Amino acid sequence: MRSTISENPRRRKKVRGVVSRFPFVLLILLFTPLYSQQVIDEALHPVGMSSDDIRFRIDESPSDCYRVSVVNDVMESPLSLFPLTEAIADRLRGNTAGEDIVYLSSLLDRKVRGSYRVSISRRRPLTNALRKLYSGLGGSLSDDEANYLWDEAHKLSIPLQKTLAVGVLGLAEAVRYRNLAFSSLTDEEVRFLMTNAHRLLIEDTTTADGTEEFFTRRVLWISKKIDYASLFKGGAVLSNALSRMVHQLEEQGIYEIADTVLFRFPTPWGDIVLGNGGCNDYTGTPLFLVDVGGDDRYNLRWRPFSVIIDLSGNDRYAAEGDFSVATGYFGYQLIMEKSGDDIYTGGSASLGCGLFGVGMLIDEGGKDRFIGGSFTEGAGAFGIGLLVSGGGNDEYISERYSQGFGFTGGAGVMIDTKGSDLYTVGRKYEDFREEDFFSCLSQGFGFGIRDEASGGIGALFDFAGNDVYVGDYFVQGASYWYALGILYDRSGNDRYLARRYSQGAGTHLTAGILLDREGNDYYTTWGVSQGCGHDLSVGMLVDLSGNDSYTATVLSQGAGNDNGFGILVDVEGNDIYSAARNSRVQGSGNKMRGFSSLGLLIDLSGEDTYSEGYKNNAIYTSKQYGVVYDNEIKGFHWDY
């Protein structure tokens with residue numbers, strides 16, 4: 001039974017994973033504003049707690065080499081999850097892809113710098129740049145090839161050759177870093193990883209004969225030998241070099257070139273191409289391609305290294321199998337589109353994904369459509385995957401492990417800067433818990449291998465527009481097993497549709513957050529969602545403004561379960577909280593393992609409606625450390 005708190009004596013109970021007698025970590029002092037801390041303290045006072053008590057022990061399971069420090073920080077101080085999310089969003093907004101790679105590397109505890117000095121030859125600049133690239137790829141430019149290249153390069157001005165050489169040398173430098181990253185592995189170990197690494201992207205890797213468990217452990221053991229700082233630096237160097245090249249091309253007015261294909265040079269690793277003008281059909285993945293205009297068609301298959309720069313036109317990208325479109329698979333692939341309404345169709349492992357590599361898809365303008373399978377659209381595992389889109393109203397469709405998905409040893413990030421977008425995931429991998437609903441692990445989801453390896457960082461950032469997010473199980477700012485999942489939406493009237501373990505949910509020693517800053521938003525789910533921490537986890541849903549509607553059935557809207565911490569904070573607006581009666585919602589905890597959990601629902605303004613019958617400007621509590629705190633605070637800003 002719940003009751004309004006009037007004069008309850010302050011009491012303290014042992015809460016495993018939430019209440020601790022040890023000093024609170026410094027992060028909360030650095031990142032959480034004093035006024036926010038005072039509100040938390042006031043909300044917790046009726047249950048004999050304060051903000052200093054909210055933390056987890058991180059020794060519930062042995063640490064491993066893939067545990068990233070930001071996950072430990074959040075587990076030790078769950079309230080730091082909000083300012084951490086804001087800080088990451090601020091750093092990623094408006095950066096180049098290379099700067100994003102550098103920053104994401106730092107979040108994965110790898111110190112990386114993405115710049116390097118380019119020395120362009122005055123004589124035969126493109127030929128000499130290709131000589132260096134050949135050398136890194138394990139070959140050499142023959143005299144006949146050099147002469148042929150010299151003849152073909154005469155079609156281009158020396159300034160244009162120098163500009164293209166900037167990008168080619170950037171690719172050569174990236175290849176060097178990739179070779180350095182894998183230099184400690186034997187050829188057999190590399191082959192084993194390439195053959196079996198995809199097995200880890202299955203939720204249950206245990207079979208009756210233990211075969212899958214063997215593959216998992218061997219992949220993890222070999223992967224420890226990789227120099228990830230070098231691997232990530234190669235991606236940052238490549239992206240920054242290409243950004244400089246594109247800037248110089250635009251300054252030179254290259255859009256005025258009218259030939260259909262101006263320059264083509266074949267290599268054993270793909271063609272070097274400068275194309276423009278008409279509608280070109282490119283079959284097979286190029287090593288290095290710049291296309292200046294026209295509505296082009298790309299039919300791509302996997303190569304370890306590929307660069308595609310398309311400066312204008314309504315283009316179409318299609319995959320010839322998996323690992324084909326902007327996939328960093330034991331190397332680097334980058335696609336950069338400057339303008340046009342484009343369509344990208346990839347299989348699994350595509351559209352800005354990194355698996356033991358770095359994959360980047362950057363589309364800066366137009367109304368675009370992205371269609372992928374599993375492990376796609378900003379997905380990273382033992383690598384970094386990045387999808388960045390700006391401009392129009394985009395549509396994203398995928399099956400699983402997508403739209404900002406971070407697996408062990410990796411970061412997967414999806415960024416959309418403008419437009420009213422539609423994010424849809426599912427419809428293939430049915431979840432075993434329930435028929436006709438699907439396991440998604442997407443839309444800002446971090447995922448680890450339970451009892452084997454900590455998870456990565458999965459994040460989706462949308463900075464503008466009235467967006468719609470659709471998924472079933474494990475979506476929208478959630479995570480599993482020592483990982484971090486983030487969904488951040490800066491503005492717009494948004495709709496979040498999910499089923500379970502979603503909308504700011506942490507499941508099994510992990511952290512997840514959904515943060516929406518502005519707009520009249522609608523959230524609907526069945527349960528274990530909307531600010532829910534399950535099993536020594538933290539889940540947060542924070543909405544800073546707007547008239548919002550929250551609908552759920554069970555264990556949602558500020559719910560802690562099995563020693564978890566769940567919080568829903570709504571700062572401004574007239575809000576509606578709807579849920580099934582007496583179903584552990586709207587500020588609910590429970591007792592498990594002899595200890596309690598903590599659930600908080602905090603609303604700081606407006607005329608609000610609660611299905612549980614709560615009134616405005618009142619505090620309610622339950623016996624199991626659940627609190628509903630409704631208080632009108634004028635001018636309050638939950639910020640840092």
**Prompt:** Which residue out of LYS233, LYS225 is within 30 Å of GLY114 (Cβ to Cβ), in a loop (DSSP other than H, G, I, E, B), under 27 Å from the mean Cα position of the chain (by Cα) and modelled with pLDDT of 95 or more?
**Reply:** LYS225
**Breaking point among (1) modelled with pLDDT of 90 or more; (2) in a helix (DSSP H, G or I), for HIS45** = (1)
**Prompt:** So which pairs qualify, if the first residue must be in the range 120-140 and on the phi > 0 side of the Ramachandran plot, the second must be surrounded by fewer than 19 Cβ atoms within 10 Å (Cβ to Cβ), the Cβ gap must be under 7 Å, and the two must be at least 6 apart or on different chains?
**Reply:** ARG124/TRP150
**Item:** Matching residues, the range 478-504, being of a type outside the set (D, E, K, R), touching a residue at least 60 places away in the same chain (Cβ under 8 Å) and farther than 15 Å from LEU541 by Cα
**Value:** TYR482, ALA483, GLY492
**Sole residue being modelled with pLDDT of 90 or more and of a type in the set (Asp, Glu), chosen from ASP259, ASP291** = ASP291
**Message:** Can you confirm whether THR524 is among the β-branched types (Val, Ile, Thr) and either modelled with pLDDT under 95 or more than 23 Å from the chain's Cα centre (by Cα) (or both)?
**Reply:** no
**Asked** Can you tell me which residue in the range 555-593 is surrounded by the fewest Cβ atoms within 10 Å (Cβ to Cβ), limited to those that are closer than 16 Å to VAL627 by Cα and touching a Lys or Arg at 6+ places or on another chain (Cβ under 8 Å)?
**Response** ASN590
**Message:** Among (1) in contact with a helix residue (DSSP H, G or I) (Cβ under 9 Å, 6 or more places away or on another chain); (2) in a loop (DSSP other than H, G, I, E, B); (3) not small (Gly, Ala, Ser), there is one condition ILE486 misses while meeting the rest; what is its number?
**Reply:** (2)
**Message:** Which residue is surrounded by the fewest Cβ atoms within 10 Å (Cβ to Cβ), if the candidates are limited to the range 78-98 and must be within 15 Å of the chain's Cα centre (by Cα) and within 18 Å of LEU387 (Cα to Cα)?
**Reply:** ASP90
**Prompt:** Of the residues that sit in the range 267-293 and are β-branched (Val, Ile, Thr) and closer than 19 Å to VAL325 by Cα, which one is surrounded by the fewest Cβ atoms within 10 Å (Cβ to Cβ)?
**Reply:** THR283
**Request:** Exactly one condition in (1) within 19 Å of GLN557 (Cα to Cα); (2) crowded, with 24+ Cβ neighbours inside 10 Å; (3) not small (Gly, Ala, Ser) is not met by ASP462; state its number.
**Result:** (1)
**Complete:** Here the residues within the range 48-72 that are under 20 Å from the mean Cα position of the chain (by Cα) and in a helix (DSSP H, G or I) are SER69, VAL70, VAL71, ASN72
**Asked** Does MET75 meet the test of being in a loop (DSSP other than H, G, I, E, B), in contact with a Phe, Trp or Tyr (Cβ under 8 Å, 6 or more places away or on another chain), modelled with pLDDT of 70 or more and of a type in the set (A, V, I, L, M)?
**Response** no
**Request:** Please identify the pairs in which a residue from the range 338-353 that is of a type in the set (Asp, Glu) has its Cβ atom under 8 Å from the Cβ atom of a residue that is modelled with pLDDT of 95 or more and crowded, with 24+ Cβ neighbours inside 10 Å, counting only partners at least 6 apart or on another chain.
**Result:** ASP341/ASP368; ASP342/ASP315; ASP342/TYR317; ASP342/ASP363; ASP342/ASP368
**Item:** Those residues of the range 585-601 which are assigned to a loop (DSSP other than H, G, I, E, B) and free of Cβ contacts under 8 Å to residues at least 40 places away in the same chain, in sequence order
**Value:** GLY589, ASN590
**Message:** Condition (residue is closer than 26 Å to SER454 by Cβ, polar (S, T, N, Q) and out of contact with any Asp or Glu (no Cβ under 7 Å at 6 or more places or on another chain)) applied to the range 202-210: is it met by at least one residue?
**Reply:** yes
**Request:** All but one of (1) touching a Leu at 6+ places or on another chain (Cβ under 7 Å); (2) surrounded by fewer than 23 Cβ atoms within 10 Å (Cβ to Cβ); (3) in a strand (DSSP E or B) hold for ASN299, so report the exception by its number.
**Result:** (1)
**Prompt:** What residue, of LEU149, LEU133, is crowded, with 18+ Cβ neighbours inside 10 Å and closer than 24 Å to HIS247 by Cα?
**Reply:** LEU133
**Residues being modelled with pLDDT of 95 or more and either in contact with a His (Cβ under 6 Å, 6 or more places away or on another chain) or part of a loop (DSSP other than H, G, I, E, B) (or both) - total across the range 420-447** = 4
**Request:** State all residues of the range 338-363 that are aliphatic (A, V, I, L, M), surrounded by 24 or more Cβ atoms within 10 Å (Cβ to Cβ) and modelled with pLDDT of 95 or more; if no residue qualifies, say none.
**Result:** LEU351, LEU355, VAL358, MET360, LEU361, ILE362
**Complete:** Among residues of the range 429-447 being within 23 Å of ALA89 (Cα to Cα) and small (Gly, Ala, Ser), the residue surrounded by the most Cβ atoms within 10 Å (Cβ to Cβ) is SER442
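The values are calculated or read from the model by the stated rules, or taken from the named source; none is laboratory data. Fair warning: this is a prediction, and the values are worked out from it, not measured in the lab. Don't worry about glycine lacking a Cβ; one is built from the backbone with ideal geometry, like all the others, and counts go over all protein chains shown.
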